[in-house]
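One structure below.
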Amino acid sequence: MTAAIEFQGVEKRYGTTLALENITLEVPKGELVVLIGPSGCGKSTLLRLVNRMIEPSGGKLLVEGQNVLEADAVRLRRSIGYVIQSIGLFPHMTIFENVEVVPSLLNWDKLKKRSRAAELLNMVGLEPEKFGSRYPKQLSGGQQQRVGIARALAADPQILLMDEPFGAVDPITRERLQEEFLRIQREIQKTILFVTHDIDEAVKLADRICLMRDGKVEQYATPENLLAYPSSDFVRDFVGADRELKRLGRVSVASLMRPVAKVDIRFQTSETASVLGTLSARDALSRLLEAGGELLVLDAQGGIIGTISLNDLTVANMDYRQRKP
Amino acid sequence: MKLARALIKNALLWAALFGLFAWQDGWKILLETLMGRNPPPLFNRATLLQLALEHISLAGLAMLGVLIVGLPLAVWVTRSTGKPFLSLVSSLTALGQTFPPVAVLFLALPIFGFGSTSVYLALFLYGLLPTVSSTLVGLSSVNENARDAARGMGMNEGQMLVRLELPLALPAVLAGLRTSFVLLIATAALAPLVGAGGLGQPIIAGLSVNNLGYVLEGAVAVALLALLADYTLRDLERTITPWA
Ligand SMILES: Nc1ncnc2c1ncn2[C@@H]1O[C@H](COP(=O)(O)OP(=O)(O)OP(=O)(O)O)[C@@H](O)[C@H]1O
Ligand SMILES: [Mg+2]
C-alpha cells in the first residue's frame with residue numbers, strides 16, 4: 001500500500017448541486033499533490049473530506065488504508081495537519097500556545113510541548129525566544145502563515161492538508177515562503193494535499209498536480225507532464241500560453257546541457273560566462289538572453305561539467321531528455 | 001503579575017471608598033456646609049457605612065444570581081441542544097428589562113411580601129439582559145476561521161467552548177457583567193419601597209420629609225459605588241484579555 005489517501009468514486013452533494021463527481025485519485029505517500037482549478041470547482045471540498053470536516057455522499061475515501069467514515073473524526077483530525085488560508089490562529093493564545101494546540105489535546109507534558117514548539121518555530125524561521133510569547137496580532141501576515149504551518153506540524157502528522165496557505169501574503173513573501181516550505185518538505189517528506197489558485201505555485205511545489213473543473217478531475221499528472229501534454233484545451237488554457245517557459249522552470253540546466261568530459265584543471269571563470277548545473281533552465285534562459293552565445297555549466301565545486309546555449313533549451317530537447325530515464 | 005497587581009489596587013480602592021463611607025463626621029460637615037444645619041442633613045437612622053454595606057450586598061447577591069443563571073443560559077442556547085430556545089431566551093431577557101423595576105417590585109409583593117426577596121427578584125430580572133445578551137454576542141462573534149481551524153485540529157464541542165469560544169467571548173461577557181452590575185447598584189436604590197434597606201433609605205426618606213440633605217447623601221454614595229464598580233470591572237477586563 002503506497003497510497004496515503006485514496007479516493008474511490010467519491011461524490012459530494014449539497015442539496016441538488018453536485019460539488020464533487022466521481023473522484024478517483026491516489027495520493028502517494030510522501031508526495032506533495034496540488035489541487036488547482038477555477039473558483040468553485042471543489043478543491044476545498046475535496047480537501048475537507050480527508051479529515052472528515054465534511055462527509056462524502058457517495059463512494060469511498062481511504063486515509064492510510066482506513067475508510068474515513070469508520071474512523072473517529074476527532075482522532076482522525078488530530079492525526080492530520082490542517083492549514084487554512086485565513087490561518088485561523090487563536091488570537092487569545094500566544095504563539096507557543098497556538099503551536100501547542102494539538103499536543104495539548106493529546107495531553108503531552110509541558111516540557112515536551114514547549115521544546116517541540118520551539119523546534120518547529122526555528123524550522124519555519126521564527127526565533128522562539130523572540131516570537132514565542134507574542135500574540136498573533138503582533139505578527140505580520142507572513143509570520144502568521146509560518147506559525148500556521150508550525151502548528152499543523154506540531155504532533156508530527158503523516159498527512160498535511162493545506163488550503164491556500166500562502167494566499168494572504170504579498171508576492172515576495174509568498175515566494176520566500178514557498179522556497180522555505182519546499183526545503184522543509186524535502187526534510188520531513190509528508191504526504192501533502194495543497195490547494196492553490198496559482199499555477200506558478202503549483203508548478204513550483206508539486207510532485208503531482210490535480211487540475212479540477214466543475215467537481216471533476218480534468219487531469220492528474222506530474223507538473224512536467226501536465227505542461228508537456230495537456231489532455232484538453234481547458235488544461236492548455238489553464239496552464240497558460242507560457243507553458244514551455246514554465247516547463248523550463250522545472251528542469252535543471254544539468255539535464256539539458258551538452259556534457260563535457262570532466263576536466264581536472266579548475267578554470268577561473270567569470271560570473272557572466274557560467275551557470276551552476278543545479279540552476280533551473282528558466283533562470284539559465286534569462287542569463288543566455290543577457291549574455292548570448294554559450295555558457296559554461298559548473299558543478300558545486302566549480303568544475304566544468306558542460307555547456308549550454310539557446311539551442312539546448314528547446315521543447316524538442318526537453319521532450320528528448322525527459323523521455324530518457 | 002499583572003492580574004495580582006490589579007486585584008490589589010482595586011481592593012485598596014474599595015477599602016478606601018468604604019473608609020470614606022465610615023467617616024460619619026466628614027459627611028456631616030460636608031452636608032451641613034452645603035445644605036445648612038436645619039433640618040439636620042445627615043440621615044440619622046443608620047450610619048452611611050451600614051447603608052452602603054446593605055446596598056452593595058443587595059446588588060451583589062442579585063448579581064450572583066444573574067451570573068449563576070445568565071451565563072449557563074447564554075452558553076446553553078448557543079449549543080446545538082439549546083439552539084431552538086435562542087430567540088425565546090433573547091426576547092424573555094429583553095422583556096425582563098423593559099419591565100420597569102418598580103413595577104416588578106410591586107408585582108412581587110403579593111408573592112414574596114415586604115422585604116429583600118422581592119428586591120432580589122426585581123433586580124435579578126432587571127440585570128439579566130445585559131449579561132445574557134452580551135454573552136450571546138461574544139460567543140457568536142468568535143471568528144469562523146478560528147472555529148474551523150479548531151475543529152480541523154480535532155477539538156470536540158466541549159474543548160471548543162472552553163479553549164476557544166469562552167476565552168474569546170470573555171471581553172464581551174465582562175462588559176455585559178459590568179453593565180448589569182452598575183445597573184443593579186443604581187436600581188437597588190428602590191429597595192426601601194418594599195421595605196428593604198440600602199442607600200435608597202435616605203433618598204426615599206429625604207423625598208418624603210423634604211430633606212434634600214438625605215437625598216444628596218444617598219445619591220452621592222450610590223454614584224460613588226457605581227463609579228468604582230465600573231472602574232474595577234473595566235480594569236479586570238483589560239488585565240485578563242492581554243491579546244485584545
Ligand atoms: N456548505 C455548502 N453548501 C452548499 N454548497 C456548497 C457548500 N460548500 C461548498 N459548496 C459548493 O460546492 C462547490 C465547491 O466549493 P469549494 O469550496 O470546494 O470550491 P473551491 O474550489 O475551494 O473554490 P475556491 O477556489 O473559491 O475556494 C461550490 O459550487 C460551492 O458553492
Ligand atoms: Mg476553497
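Just so it is clear, none of the values below were taken in a lab; they were calculated from the coordinates. Source: prediction; values computed, not measured. When we count neighbours, we look across all protein chains shown, and the Cβ atoms used for this are built from the backbone with ideal geometry, even at glycine.
Any chance you could tell me what percent of the C-alpha pair distances in the stretch A:189-261 go past 19 Å? The partial results should precede the final answer.
Numbers: 958 of 2628 pairs.
Across the stretch A:189-261, Cα pairs with separations above 19 Å total 36 percent.
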Spin-label model distance (nm) - B:L34 vs A:S252, 7 Å beyond Cα toward Cβ: 8.7 nm
Residue by residue through the stretch A:71-82, the couplings from Karplus 6.51 cos²θ - 1.76 cosθ + 1.60 with θ = phi - 60°, in Hz, x for Gly and Pro, are 8, 6, 4, 5, 5, 4, 5, 5, 9, 10, x, 9
PRE reach from B:L107 (point 7 Å along Cα→Cβ): which of the stretch B:67-96 fall under 15 Å by backbone N? B:91-96
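So which DSSP H runs in chain B come out at 20 Å plus along the axis (Cα) with average Kyte-Doolittle of at least 0.0?
Once both thresholds are applied, what remains is B:2-22, B:48-76, B:116-140, B:166-187, B:212-240.
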Counting only residues 5 or more apart in sequence or on a different chain, those whose built amide H sits under 5 Å from that of A:Q219 are A:L211
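Between A:I172 and B:D235, what is the FRET efficiency for a Förster distance of 41 Å, r being their Cβ-Cβ separation, to the nearest 0.05? Walk me through the numbers before you get to the answer.
Values: r = 43 Å, r/R0 = 1.05.
E(calc), rounded to 0.05, equals 0.45.
How high is the FRET efficiency between A:D242 and B:F85 when r is their beta carbon distance and R₀ equals 60 Å, given to the nearest 0.05? Write out the running numbers ahead of the final one.
On the way: r = 59 Å, r/R0 = 0.99.
Once the sixth-power term is evaluated, E becomes 0.50.
Roughly how compact is the protein assembly as shown, stated as its Cα Rg over 2.2 N^0.38 Å to two decimals?
1.42
Evaluate peptide B:157-165: per residue, the Cβ atoms of other protein chains within 10 Å of its Cβ; return the mean as an integer. Walk me through the intermediate numbers first.
On the way: counts 1, 0, 4, 0, 0, 0, 7, 5, 0.
Taking the mean over all residues of the peptide, I get 2.
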Under a straight-distance cross-link criterion of Cα-Cα below 13 Å, which aspartates and glutamates are reachable from A:K12, leaving out those fewer than 8 residues away in the same chain? A:E21, A:E55, A:D214
Quick one: work out Rg over Rh on the C-alpha atoms of the stretch B:128-244, Rh as Kirkwood radius. 1.22
³J(HN,Hα) computed for each position of the stretch A:149-154 - Karplus, 6.51 cos²θ - 1.76 cosθ + 1.60, integer Hz, glycine/proline x: 6, 4, 4, 5, 8, 3
Report, by chain and number, residues whose modeled amide H sits under 5 Å from the one on A:V275, excluding near sequence neighbours (fewer than 5 apart, same chain). A:L296, A:V297, A:L298
Along the Cα→Cβ direction, 7 angstrom out, place labels at B:A4 and A:V315. What is the inter-label distance in nm? 7.4 nm
Place a point 7 Å from Cα of A:D214 in the direction of its Cβ. Which residues in the stretch A:1-23 have their backbone N less than 19 Å from it? A:10-23
Taking r as the C-beta separation of B:S208 and B:A22 and R0 as 25 Å, the FRET efficiency to the nearest 0.05 is 0.40
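Sort A:50-60, A:172-182 for me by packing, meaning the mean count of neighbouring Cβ atoms within 10 Å per residue, highest on top. Could the numbers behind the result be given before it?
Numbers: A:50-60: 17.5, A:172-182: 15.9.
Per-residue Cβ counts within 10 Å, averaged per peptide and sorted highest first, yield A:50-60, A:172-182.
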Of the listed links A:K43/A:K204; A:K137/B:K2; A:K43/A:K137; A:K113/A:K137; A:K60/A:K204, those spanning more than 24 angstrom between alpha carbons are A:K43/A:K137; A:K60/A:K204
